[in-house]
Amino acid sequence: MQPALGRLTPSQRAKVTPFRAKVLDALCQVPRGKVTTYKYLSKHVGCNSSQAIGQALKHNPFAPEVPCHRVVKTDRTIGGFSGSISGPKIDKKISLLRGEGVDFSEDGTVEAACVYRFE
DNA sequence: ATTATGACTTATT
DNA sequence: GAATAAGCCATAA
């Protein structure tokens, strides 16, 4: 069964800006085995800047609690992780996603079927 | 308030 | 297809 897609706890909300809280909360709605994109998130939280989303996630204060590794770029390339856009951390991100059942193409892009669009 | 930065995106060269 | 520029918006200094 899917893990309880919790939301951000009040404590967590209190530690970040309202915008980040909204982003993280939305992120917690992404089911295990799926990913979302910066753009979908940005749209979901009501701004039109994926860059702002990236900013919100780059210093993720709630590392494993909030599945920040379930966010990829709009073209379904891997995006960044732990403050880096490439390197060993990215490799770890891929491993995590694979461990959750996300499929990758040979390009290192995520399969379209694994993208969660906040339907 | 103003400036600089960035895990982005799109258009242009 | 890679490199650059411009647009975007929240954050930190």
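Some notes on this structure:
- Amide hydrogen neighbours beyond the local backbone of residue A:72, cut-off 5 Å, H modeled: A:36, A:37, A:38
- Simple spin-label estimate for residue A:63 and residue A:84 in nanometres, 7 Å along Cα-Cβ: 1.4
- With a cut-off of 12 Å between beta carbons, the residues surrounding residue A:61 carry a summed charge of +3, where Lys and Arg count +1 and Asp and Glu -1.
- The stretch A:1-107 has equivalent-ellipsoid semi-axes of 21, 16, 13 Å, by the square roots of 5 times the alpha carbon gyration tensor eigenvalues, sorted largest first.
- GNM result for chain A, Cα springs below 10 Å: residue of A:52, A:21, A:63 fluctuating most strongly: A:63
- For residue A:6, neighbours were defined as the other residues whose beta-carbon sits under 13 Å from its Cβ, and their charges (Lys and Arg +1, Asp and Glu -1) total +1.
Any read-out appearing in this document is the output of simple, stated calculations on the displayed coordinates, not a laboratory observation. Keep in mind that this is a model prediction, so the values were computed, not measured. Please note: Cβ atoms are built from the backbone with ideal geometry, for glycine as well, and neighbour counts cover all protein chains shown.
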